[in-house]
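Since the structure comes first, as structure tokens, the remarks are kept for the end.
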Amino acid sequence: MNEIVQNLTFFGAALSIFAYILGLLLKKKFKLAILNPLLIAVICVMAVLLIGHVDYESYNVSAKYISYLLTPATVCLAVPLYEQLSLLKKNLKAVIIGLLSGVFASLTGILVMSKLFHLSHEVYVTLLPKSITTAIGMGVSEELGGIVTITVAAIIITGILGNVIAEFVFAIFKIKEPVARGLALGNASHAIGTAKALELGAVEGAMSSLAVAVAGLVTVVLASGYAHFM
């Protein structure tokens, strides 16, 4: 089957899109947080590749076209933010403190856990950008000497986990303020978290979009400094 896939130009893209649509249908039908469309898509694609004995390189050659849309899609997150610009100005101080706190918490958490589990410097810098969007995180990991493929996996896992448990965490800690919910999702779970934020409301989506952009930029600045701590 691997030879057949190599001759199908859009096999990987078609498989990825079909798997994601399947995830959307399952989420809509059963309304369970664990049935995250991206998680379902990942599982389906892995299953097809394993059962069909298709190597990742063959799949990626025909799936890379989807990656071209990653950066434009991230930029489009500015639209809901623009629609809530007045709210942002009203809560500017709280937003800035929240964003910076989230970035420092993420980077410091990775530092502490890496020292606790005696991870190598390469693995440590690989995990540093786990909470920022893939488009930025890949560049950070490569610049610091990390393993880019593992960084991508860590970013995706972080995003899916945040998406799945967000409402549960908000309920436990009684977080009801839309601005706080949006900032938390975008800061911790980047674009995948923003998808959940948009489901929760327009304000949550706007604040999450802001968090994705700002947290990404601040992480780029601070990650090089944190890289020298271990």
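The values are calculated or read from the model by the stated rules, or taken from the named source; none is laboratory data. Bear in mind that the values here come from a model prediction, so they are computed numbers and not experimental data. Ideal geometry is used to build each Cβ from the backbone, glycine not excepted, and the neighbour counts take in all protein chains shown. Remember, those area values only see protein heavy atoms, side chains included, never the ligands or the DNA or RNA. Shrake-Rupley method; radii C 1.70, N 1.55, O 1.52, S 1.80 Å.
Annotations for the structure displayed:
- Of the chymotrypsin sites (Phe, Trp or Tyr not before Pro) found in region 18-71, the ones in coil according to DSSP and having at most 11 other Cβ atoms within 10 Å of their Cβ are Y68.
- A quarter of the convex hull surface defined by the alpha-carbon atoms of region 56-125 gives 7.7 nm² as the mean projection.
- Charged-residue dipole, Cβ positions (Lys, Arg, Asp, Glu), the chain about Cα centre, Debye nearest 20: 880 debye
- Surface accessible to a 1.4 Å probe, per residue, for the residues of the chain, Å²: 56 Å²
- Enclosing the Cα atoms of region 97-144 in their convex hull gives a volume equal to 64 cubic angstrom per residue.
- Highest-fluctuation residue, G205, G98, G109 considered, GNM on the chain with Cα pairs under 10 Å: G109
- Exposed-site-free run, longest, the chain (rule: trypsin sites (Lys or Arg not before Pro); DSSP loop; at most 13 other C-beta within 10 Å): 32-173
- Quotient of C-alpha Rg and 2.2 N^0.38 Å, computed over region 77-170: 1.25
- Low-density loop cleavage sites - chymotrypsin sites (Phe, Trp or Tyr not before Pro) in region 120-180, where at most 13 other Cβ are within 10 Å (DSSP): F173
- Rounded to the nearest 500, the helix-only mean residue ellipticity at 222 nm of the chain stands at -26000 deg cm²/dmol, with each DSSP H run of n ≥ 4 adding -39,500 (n - 2.57).
- Cα convex hull volume per residue for region 168-207 (Å³): 56 Å³
- For the chain, modelled as a GNM whose springs connect Cα atoms under 10 angstrom apart, the maximal fluctuation among V203, V95, V112 occurs at V112.
- Estimated translational diffusion coefficient (Stokes-Einstein, Kirkwood radius over Cα pairs, 37 °C, 0.692 mPa s) of region 18-93: 213 µm² per second.
- Comparing I66, I155, I136 in a Gaussian network model of the chain where C-alpha atoms under 10 Å apart are linked, the largest mean-square fluctuation is found at I66.
- Kirkwood-Stokes translational diffusion coefficient of region 140-230, alpha-carbon pairs, 25 °C, 0.890 mPa s, µm²/s: 180 µm²/s
- Taken over the chain, lysine pairs spaced eight or more positions apart, or on distinct chains, with alpha carbons under 19 Å apart number 10.
- Values of log10 I(q)/I(0), in the order q = 0.12 Å⁻¹, for region 1-159 under a Debye, Cα-only, solvent-free model: -0.74
- At least 20 Å along the helix axis (C-alpha) and Kyte average at least 1.0, DSSP helices within the chain: 11-30, 37-51, 92-116, 148-172, 202-226
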